[in-house]
Amino acid sequence: MNPSPPTLRPATWTPAIRMGLSIAAATGFYGISFGALAVAAGLTVWQAMALSLLMFTGGSQFAFIGVIAGGGAGSAAMGAAALLGVRNAVYGMQLNGMLAPTGWRKAVAAQLTIDESAATAAGQTAPDEQQRGFWTAGLGVFVLWNLFTLLGAVLGDALGDPRRWGLDGAAVAAFLALLWPRLKQREPVALAVVCGVVTALAVPLVPPGLPILLAAVVGAAWGWWVRSPDAPSVREEAAT
């Protein structure tokens with residue numbers, strides 16, 4: 001007998017739904033920081049809201065306002081944001097095969113494809129849980145991120161430095177919560193260490209936004225080699 005589908009009652013929520021909601025809460029609250037910093041960089045409240053509604057990818061949004069705050073041109077700001085947004089295209093290809101959305105859901109899923117929704121879906125093994133994780137995290141972050149962006153933008157300077165409230169660490173803590181359960185085998189640990197080292201070495205050498213892309217390239221190359229037909233399997237390596 002199949003279990004009853006989840007409802008609005010917390011007692012019926014599956015692990016994917018609980019994870020998606022917790023990630024949405026932590027990440028969405030961080031939107032206060034973006035709203036306040038966007039206004040401080042010279043954007044209006046509605047410009048800040050347009051970025052959150054349409055661009056909707058935190059790393060790219062912070063890169064955009066960082067360039068604007070430093071006196072950079074709009075084209076430079078868009079270039080920095082686009083560099084960081086490339087990873088979402090990679091997530092999209094993976095999630096398209098995982099979730100197989102159709103019709104209008106494909107367009108909505110594309111807008112909701114961000115670090116948090118992709119990681120929550122990838123952290124599940126059952127197809128139903130992958131769907132629940134993606135949509136819960138994606139919709140939850142979208143709603144809360146935009147609400148708190150508006151709040152942060154309206155409050156503006158009255159909030160002071162967002163780092164005083166620890167908001168700059170909320171998203172990091174959420175990512176660590178997702179990453180930690182996956183570090184149970186040597187390969188994920190080794191890949192995490194290698195990508196971390198690449199990022200740390202690249203930070204002082206390349207423009208903002210590029211270190212994480214370099215780490216993503218390393219991760220993609222690692223995944224391609226490990227899954228390549230020519231690459232030795234774990235069993236083959238153990239036998240040698």
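The values are calculated or read from the model by the stated rules, or taken from the named source; none is laboratory data. Worth saying up front: this structure is predicted, and the values here are computed from it rather than measured. Quick reminder, even Gly has a Cβ in these numbers, built from the backbone with ideal geometry, and neighbours come from all protein chains shown. Each accessible area value is taken on the protein alone, full model and side chains, heavy atoms only, with ligands, DNA and RNA left out. Shrake-Rupley method; radii C 1.70, N 1.55, O 1.52, S 1.80 Å.
Once the Cα atoms of segment 38-117 are picked out, what are the Rg and Dmax in Å?
When restricted to the Cα atoms of segment 38-117, Rg and Dmax are 14.2, 42 Å.
Using a simple charge model, +1 on the beta-carbon of Lys and Arg, -1 on the beta-carbon of Asp and Glu, nothing else, what dipole does segment 15-164 show about its Cα centre, in debye to the nearest 20?
About 120 debye.
Tell me, what is the Rg over Rh of segment 1-71, with Rh the Kirkwood radius over Cα pairs?
That ratio is 1.22, to two decimals.
Report in % the part of the accessible area of segment 1-81 that belongs to carbon and sulfur, leaving out ligands and nucleic acids; probe 1.4 Å.
71
Which ³J(HN,Hα) values, rounded to whole Hz and listed in residue order, are derived for segment 23-33 from phi using the Karplus coefficients 6.51, -1.76 and 1.60 in 6.51 cos²θ - 1.76 cosθ + 1.60 with θ = phi - 60°, glycine and proline given as x?
Residue by residue, segment 23-33 yields 5, 4, 5, 5, 6, x, 4, 5, x, 4, 4 Hz.
Explain nothing, just compute: Karplus ³J(HN,Hα) = 6.51 cos²θ - 1.76 cosθ + 1.60, θ = phi - 60°, for every residue of segment 65-74 in order, whole Hz, x for Gly and Pro.
The phi angles translate into 6, x, 5, 4, 5, x, x, x, 6, x Hz.
Based on the mean of other beta carbon atoms within 10 Å per residue, what is the order of 46-58, 187-199, most packed first?
My ranking of the peptides, most packed first, is 46-58, 187-199.
Under Stokes-Einstein, with the Kirkwood radius over Cα pairs standing in for Rh, what whole-number D in µm²/s applies to segment 15-164 at 20 °C and 1.002 mPa s?
Translational diffusion coefficient: 137 µm²/s.
Could you sort the peptides 134-140, 61-67, 79-85, 12-18 by per-residue average Cβ neighbour count (10 Å cutoff), highest mean leading?
Ranking the peptides 134-140, 61-67, 79-85, 12-18 by packing returns 134-140, 61-67, 79-85, 12-18.
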